[in-house]
Amino acid sequence: MNEPIEDPRQLSRRTTPTWEVELLISGVAVFAMLQLPGQLDDALLTLEPRLDGNWRQLAVLTYVYAKGAAMILAITFVLHLLLRARWIALSGMHAVHPDGIRWDKLKSGPIMRRIEIARSRPLPESIERADHRASVVFAIGVMMAQMMIAIAVAAAAAFVVALLLKSTTGIMGVPGWLAVLFTVIMLPYVAAVLIDQKFTTRMREGGRGQRLLHRVLDAYARIGFSRGSNPVMALLASHDGDRKTMLMTTGLMMLALGSVAVSLVMLASPERLGSYGMFPRADALTADVDGAHYDDQRDPLRDGAHPYIQSAVVTTPYLKLVVPYQPRRDEAAMRASCPHADALPRQAQAQARLACLAALHPVSLDGRQLGQLAYDAGSDARADRPALVAMIDLRGLSPGRHELRVGRPVRSDLPEKQDNPDPGYDAIPFWR
């Protein structure tokens with residue numbers, strides 16, 4: 001029985017009923033999602049210098065998955081708006097020209113006309129396909145973002161548990177405990193799924209084996225290990241096939257995470273983006289005029305925690321040197337150099353730690369060691385981070401170029417570079 005012809009001036013009865021809500025959500029959220037990745041970048045750059053190695057790894061892990069989810073949502077909402085715009089355009093043109101394409105009015109040869117007519121679809125069918133495609137893209141994007149957030153929460157929780165196990169037992173590092181936790185959690189589930197697929201029909205109906213298998217799978221289903229916890233993916237898999245759906249979701253997730261990883265590298269080394277291969281590498285030079293070392297040029301958020309002075313041209317009698325405290329570098333060096341400080345009373349402990357930090361950051365001016373510099377405990381005011389502060393007397397210093405070198409402990413968690421070893425200091429040129 002043929003369906004009645006619908007009025008082209010009205011939407012089809014088969015139009016997705018949620019199209020108005022989809023447009024509303026995409027239109028409102030797309031601007032927020034486009035701004036969120038940059039806000040996550042700023043949050044990571046603010047937190048990273050404050051954290052030691054383990055907590056930094058947790059922050060980076062959370063950042064990668066959160067930014068991946070934000071990028072998926074941003075791309076999904078933009079793509080959904082474009083697809084919905086195409087659907088609206090097709091629906092509008094169908095209302096304006098309900099008789100469809102007049103092939104006989106187009107200038108083309110008979111063969112090309114036959115090919116185009118054979119390959120074309122009726123306009124109502126194209127409208128319906130565009131409508132369905134937009135809804136599917138919207139659902140896939142929301143599903144993928146939810147999956148990324150769930151994985152981020154689970155990974156962060158596992159990381160915290162592994163960190164607690166490492167600190168209490170001292171047996172293994174965090175990666176080892178993560179591997180143990182992953183095995184303990186996933187191995188029973190994978191074994192139960194495989195047994196259910198291969199051997200359940202061979203077990204006695206209602207027997208001990210089936211009851212045990214039911215308890216295990218039911219327990220995992222309660223914590224989200226089930227098709228029912230992700231109905232969008234279950235619908236896609238049941239209509240398009242398990243393998244195709246898994247390849248699609250895994251590919252999209254890897255693409256998002258890979259893009260975030262590349263953006264993280266670009267944040268740390270923005271000079272890698274561009275054709276700068278022939279320009280001398282700054283880290284291979286004895287000293288370079290890096291804006292991060294001058295307070296009137298640096299970006300306190302994106303330049304990291306580097307020692308800095310007030311300006312490249314110093315006209316004042318004193319040079320103000322600020323050396324931000326870096327937990328990943330300074331804490332390990334302090335524990336190795338000044339282990340006795342922890343046992344002292346509070347005030348004596350503070351003085352001992354200040355002296356220890358001062359010894360870890362010796363300063364030389366034009367190759368002349370300044371001795372035990374009188375550092376004070378202060379802060380990097382623009383980044384709101386603790387720092388050592390010293391005032392260096394420049395009275396009597398001749399005009400011209402001068403170089404300040406601020407020593408730093410070499411980080412033990414980084415491999416030694418054979419072609420460009422860490423010199424162990426920051427060089428800051430300035431002029432009088």
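Per-structure values
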quantity	calculated
Under-5 Å amide H pairs with Y325, H placed in peptide plane, nonlocal only	A387, L388
Contact order normalised by residue count of the stretch 172-308, Cα under 8 Å, 6+ apart, percent	10
Cα gyration tensor shape of the stretch 243-382, rounded if a/c is under 1.5, else prolate or oblate by comparing a/b with b/c	oblate
Heavy-atom accessible area ranking, 1.4 Å probe, most first, across T200, T168, T18, T249	T168, T18, T200, T249
FRET efficiency for V96 and A29, using Cβ-Cβ distance with R0 set to 22 Å, rounded to 0.05	0.10
Share of carbon and sulfur in the accessible heavy-atom surface of the chain [1.4 Å probe, %]	62
Projected-area mean, the stretch 15-87, by convex hull of Cα positions, square nanometres	5.3
Anchor K107: aspartates and glutamates whose Cα lies under 17 Å away (excluding residues fewer than 8 positions away in-chain)	E116
Accessible area (Å², per residue) of the stretch 134-191, counting only protein heavy atoms and a probe of 1.4 Å	52
Under the Debye formula (equal points on every Cα, no solvent term), log10 I(q)/I(0) of the stretch 318-432 at q = 0.16 Å⁻¹	-0.85
Percentage relative contact order, the stretch 305-401, counting C-alpha pairs under 8 Å, at least six apart	33
Cα-based Rg and Dmax for the stretch 196-284, where Dmax is the largest Cα-Cα distance (Å)	23.9, 74
Crossing angle, helix 110-119 versus the chain [Cα axis fit, 0-90 degrees, rounded to tens]	80
Sum of -39500 (n - 2.57) over DSSP H runs of 4+, divided by residues of the chain (222 nm, nearest 500)	-18500 deg cm²/dmol
Where labels lie 7 Å past Cα in the beta-carbon direction, separation of D52 and F182 in nm	2.5
Using alpha-carbon coordinates, inclination of helix 123-169 to the longest axis of the chain, degrees	40
Å² per residue, accessible surface of the stretch 313-432 at 1.4 Å	57
Relative contact order [Cα under 8 Å, 6+ residues apart], the chain, whole percent	14
Rule-of-thumb Rg ratio for the chain [Cα; 2.2 N^0.38 Å; N residues]	1.43
Folded to 0 to 90 degrees: helix 208-222 orientation relative to the chain principal axis, Cα	70
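The values are calculated or read from the model by the stated rules, or taken from the named source; none is laboratory data. The model shown is predicted, which means the values in this text are computed figures rather than measured ones. No Cβ is skipped: glycine too gets one built from the backbone with ideal geometry, and neighbour counts run over all protein chains shown. Side chains are part of the model used for accessible areas, which takes the heavy atoms of the whole protein and leaves out ligands, DNA and RNA. Shrake-Rupley method; radii C 1.70, N 1.55, O 1.52, S 1.80 Å.
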